[in-house]
Structures are given as C-alpha cells and as structure tokens.
Amino acid sequence: MILGIDIGGTSSKLGLVHEDKVIARARIATLGHADDHAFADALVRETARLTTETGRPITAIGIGAPNANQLTGIIEMAPNLPWKHDVPLARMMSDRIGVPATLGNDANAAALGEWRYGAGRGIDDLIVVTLGTGVGSGFIVNGRLVLGSAGNAGELGHAILQPEGRACTCGRKGCLEAYVSIRGMLATYAEEGGAANPTDVKTIADLAHAGESAAIACFQRTTEWLSIGLANAVCATGPKRIVLFGGIARNGDLLMAPLRERFHANLLNIYQGRVDLTVSALPDDDAALLGAAALGTL
Ligand SMILES: [Zn+2]
C-alpha cells in the first residue's frame, strides 16, 4: 500500500492507496507548525492513525508539492508554502516512516496519476496539462516521466505564445498561462468588454450559455490559444494522448468540442490521427492524492 501526500498552501492531504483507490484519507493544516520538522511529525502522526485504521503496512511514500524537485527530493523555497528555505521532505518522511519516499512537483504528480490510475492508463507517450489558477504540465515519453537536466522539465504553461503579450506571473510576457488559466480567462472576458464581473470560469460559462457575446468570445479565444499550445507541445514529444485536468476542461460544449477541432486544425500533418485529446477521468477529490501516490510507484 502506498502513502500519498499532497502538500497545499493551506492544507495538506494524506491518503492510503491500494491498487487504484484511496482507501483512507486525512487532512492536516500546512500552516501553524513550529517548523518543517514539526510539520513532518504531524504527517507521521496522521499516517500512524490511517495505518491503524486499515491494518495494512505502507510500502512506499509519494509526495506531491509545489516547487518540488524530484531529482533532489527537496521542496525549493515554494512561494505559497510557509517555509522560506529548502525542505528535504522526501528524506524527512523516509527517515521517519522507514520506507522509500519520492517527492515530485504537483503537475508531474498529476501526470503520473493519469498514467497509473486515470485517462492515460497504459499510454506510455502522454502529456497531461492541468488548467487552474496556473497551467501545469507533465510529459511521459517512452514510459518515463521527463524530468530534464535539473528536474524542472514540463513547464508548458510558460511557453511564450504572444510576443510582448500579457504579463505572466513568471515576470515575462505572453506565456500560455497568462491566457488559458482561470486568471487568463477572466482577463480575456474583461478585454472582450464583458458586462459582468466574474471571479470564476463557471460564471463565464453560464454567461456564454445565456448567449452573452463577450463570454462566447472569451471561450473561443481561449480555445484557439490552447489548441496552439497543445499542437506545439505535440511537436516536442509526439504523444499518443493529451489529458486535460481541471475545471476549465470540464466545459465540454464551450471548450472541449471546439478545442478538438482547432487542435487538429493546428496540428502538423505527420501527427494527424495519431494523438487524441481527452479529459481527466479521476475523481476531483482524489486526483491529487492518486498523483502523489503514483510518485511512490516509480
Ligand atoms: Zn510565464
């Protein structure tokens, strides 16, 4: 049985994964611990409670976290986490529990989760793109997660799409993430002169369904940008499937249907008919835990 841990900015989830299901889960606050060691101790206490509950031993630990480097096992000064120094969490957990631990960034965890347990199961050439506040991505090529020379491969969200375009959180301009994330879609809606003041994509979707032209244009432009970003990514790794994860991708009629069309229109001819585009099949609540656990299967 694998212990999956998903470290978030305010709370962190733990789950015991047996075969392809989370069979026991817990949650602790990420904030409010004396230091990173006290946080690790709290994770261990919850783990002990879960293993007592299920009566099964843990064989491996997988941890998904922002700014996590799989090559070093270190969370590197994540801006949204309370520790302003490097935290070698893989070793800290492995030492405490006595089984191997693998740490990875949350987008790579999501990719592995889809590959092991979700819509990418059995597909050894896969790209997983998470569409949320930002855009994350993980690339599986020839049956291996691509880490790159420094453990930081797979940042499709920061591929530049528009020279001198919108400001991105990374400090540069025109990244994909500045257009197709939640924040990007809110900006596009405003650019299109939308009358409402939406704070989420669901509101824009509701307005589009009601026929509001700014909301419809927002989805059209988002679809076009994303189709170009994905068609470009295909040129790099030649995947068999692309899996999209996150609330934005759950807009079937407004996004996925036109996206498939625009993606194929923008796809280089040698890839035509060789790559499909699908939406995550993992349950929302357990996706991050399954992804973290999948790191433990490496
Ligand atoms: Zn960027």
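Every number in this text was worked out from the coordinates using simple rules, so none of it is lab data. Quick caveat: nothing in here was measured; it's all calculated off a predicted structure. Cβ placement follows ideal geometry from the backbone for every residue including glycine, while neighbour counts extend to all protein chains displayed.
Can you bin the chain into rounded, prolate or oblate? Criterion: square roots of the alpha carbon gyration tensor eigenvalues sorted a ≥ b ≥ c, rounded for a/c under 1.5, prolate for a/b above b/c, oblate for the rest. Prolate is the answer for the chain, as a/c is 1.5 or above and a/b outweighs b/c. Taking a ≥ b ≥ c as the square roots of the eigenvalues of the Cα gyration tensor, segment 98-146 is oblate, since a/c reaches 1.5 or more and a/b is not larger than b/c. Taking every DSSP helix (H) stretch of at least 4 residues in the chain, weighting each as -39,500 (n - 2.57) and dividing the sum by the residue count yields a mean residue ellipticity at 222 nm of -11500 deg cm²/dmol. Restricting the calculation to Cα atoms, segment 122-281 yields a radius of gyration followed by a Dmax of 15.5, 48 Å. Projected over all directions and averaged, the alpha-carbon convex hull of segment 1-107 occupies 6.1 nm².
Quick note on segment 249-298: its Rg to Rh ratio, both from C-alpha atoms and Rh being the Kirkwood radius, is 1.13. With both residues required to sit in the chain, DSSP beta bridges show an antiparallel share near 60%.
Neighbours of Arg25, meaning other residues whose beta-carbon lies under 13 angstrom from its beta-carbon, give a summed charge of -1 when Lys and Arg score +1 and Asp and Glu score -1. Helix 213-237 and the longest principal axis of the C-alpha atoms of the chain enclose an angle of approximately 60°. Fewest neighbouring Cβ atoms within 10 Å first, the residues Leu43, Leu298, Leu103 line up as Leu298, Leu43, Leu103.
The translational diffusion coefficient of segment 45-108, from Stokes-Einstein at 20 °C and 1.002 mPa s with a Kirkwood hydrodynamic radius over alpha carbon pairs, comes to 172 µm²/s.
Nearest 10 degrees is fine. How inclined is helix 284-295 to the longest principal axis of the chain, computing both from alpha carbons? Here the helix axis deviates by roughly 60 degrees. The angle separating the long axis of helix 182-191 from the principal Cα axis of greatest extent in the chain is about 20 degrees.
DSSP beta bridges confined to segment 122-281 are antiparallel in about 55 percent of cases. Electrostatic bookkeeping for Lys240 treats Lys and Arg as +1 and Asp and Glu as -1; over the other residues with beta carbon under 10 Å from its beta carbon, the sum is -1. Within the shell defined by Cβ-Cβ distances under 12 Å, the residues around Glu155 carry a net charge of 0, with Lys and Arg each +1 and Asp and Glu each -1.
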